[in-house]
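To start, the structure under review is shown below, and the notes come after it.
The values are calculated or read from the model by the stated rules, or taken from the named source; none is laboratory data. Please read all numbers here as calculations on a predicted model, not as lab measurements. Reconstructed Cβ throughout: ideal geometry from the backbone, glycine too, with neighbour counts over all protein chains shown. These accessible areas exclude ligands, DNA and RNA; they are computed on the full protein's heavy atoms, side chains included. Shrake-Rupley method; radii C 1.70, N 1.55, O 1.52, S 1.80 Å.
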Amino acid sequence: NPDLEMTRFLTAHEFPYSQQLAGALEFCPTNSERLTLGMLNRLVPGARDAWAYTLDALGRYYDRVATLIASGHDLPPASGSLANWIQQELPLEVSEVVGTYLDSARLLGERTAALHLALASSDPENAAFAPEPFTPHYVRGLFQSMRNQAKQNFGLLRERFKTLPPDVAPLAQRVLDREPAVIGRFRLLHERRITARRIRCHGDFHLGQVLYTGKDFVIIDFEGEPALPLSERRIKRSPLRDVAGMVRSFDYAAWAGLDEHAKRGNLETEQRPKFEPWQRLWYQAASSVYLRAYFNTMGQAEVLPRSEEELFTMLPAFLLNKAAYELGYELNNRPAWLKIPLAGILQLMEDVK
């Protein structure tokens, strides 16, 4: 089981920002691969998941936004392209509006980088964790996987288009119109040589997979994407896949926080359009600080792209791949949340121009 394998590796390497393995129960049949029956991790006292912590912070943020809107305050300028998110400091006005959560986003970026540096560390006795190159065969398979998932989920959206609510259908049509452009972003991966390296990654990284202790973050649950077979979850991938998962989680949190604000009776339906640009501002600000902290901590690590051109080919592809996955997930499980990946795909296509 990847959860046991990853946790055992990190515990052996004394990685301080994940749950420590206390023990495991395994079945080892003759001439067969061992099977994980159970595992026990050390308790992280007083911790709660970072999703709940983030929603609390967003509740306070939207309270501030309500005051700003009521007083006629203009929306601070957006960060622009994805490159600007990483390369430019946030304007002071944006930092002041978003508040102290930006310190948490910065710390989370540092802890994510620490995880990837630990997983990329040299261990001659454990080939299962040795970094590997992006071979042409792997890159071709990666492109085909991204393309096929997008085509499948765009097709599902097209099939169910007539059942969509009136306020969602126009957004869905705009996304369907961008399908060729989305596939084109994936094709860029296939058309260039990737100098970065692949490592074992978390595989299902989002705010719900992190604990907040009140002072720091602890990363948990290394089983990978539950929908994938165990063998696929153990494949080495770009750490940017984890990074993209967390950035998309910030977007989900910003939308969920706005929904919670409305459920508490603090937001009338007709007021929502005024709040949505502020939702995007929070998402961009948190993502920008997270990404800058991540890349600053990673430094010149060989698992990352060596050039900006390569970075801004890979990261948008992983972000769009995650949003395309979300599209299918919400269509099948939470139709009420479908607007999040739809808006996310459109925003990403604007941000990566």
Among 100, 163, 313: highest mean-square fluctuation, GNM of the chain, C-alpha pairs under 10 Å: 163
Probe 1.4 Å, accessible area per residue of segment 1-108, Å²: 55
Contour minus Cα-Cα distance for residue 307 and residue 158 (0.36 nm per residue): 49.9 nm
Mind checking the log10 I(q)/I(0) for the chain at q = 0.09, 0.13 Å⁻¹? Debye, one equal scatterer per Cα, no solvent, two decimals. -0.51, -1.09
Most fluctuating of 249, 288, 122 in the GNM of the chain (C-alpha, under 10 Å) is 122
Once the Cα gyration tensor of segment 297-347 is diagonalised, what are the square roots of 5 times its eigenvalues, in whole Å and ordered largest first, as equivalent ellipsoid semi-axes? 30, 10, 8
Counting only residues 5 or more apart in sequence or on a different chain, those whose built amide H sits under 5 Å from that of residue 20 are 42
Restricting things to alpha carbons, find the Rg to Rh ratio for segment 154-312 using the Kirkwood radius for Rh. 1.00
Those GluC sites (Glu not before Pro) in segment 154-230 that DSSP places in a loop and that have at most 15 other beta carbons within 10 Å: 191
Per residue accessible area in Å² of segment 180-309, where ligands, DNA and RNA are left out and the probe is 1.4 Å: 40
Rounded if a/c is under 1.5, else prolate if a/b is larger than b/c, else oblate: which is segment 45-194, with a ≥ b ≥ c the root eigenvalues of its Cα gyration tensor? oblate
When all protein chains stay in place, what accessible area (Å², nearest 10, 1.4 Å probe) is found for residue 235? 70
Connecting C-alpha atoms closer than 10 Å in a GNM of the chain, tell me which of 276, 308, 260 has the biggest fluctuation. 308
If you take the charge dipole of the chain about its Cα centre, with +1 on Lys and Arg Cβ and -1 on Asp and Glu Cβ, which of 196, 21, 116 is farthest toward its positive end? 196
Tell me, what % of the accessible area of the chain is carbon and sulfur with a 1.4 angstrom probe? 51
Roughly how many whole Å is it from the C-alpha centroid of segment 70-115 to that of segment 1-54? 33
Residue-averaged [θ]222 nm for the chain, counting only DSSP H segments that reach four residues, each worth -39500 (n - 2.57): -19000 deg cm²/dmol
What shape does segment 1-91 take by its C-alpha gyration tensor, where a ≥ b ≥ c are the square roots of the eigenvalues and a/c under 1.5 counts as rounded, a/b above b/c as prolate, and the rest as oblate? prolate
For the chain, the longest principal axis of the Cα atoms and the Cα long axis of helix 308-333 enclose an angle in degrees, to the nearest 10, of 80
Cα gyration tensor, segment 113-230 - rounded (a/c under 1.5), prolate or oblate: oblate
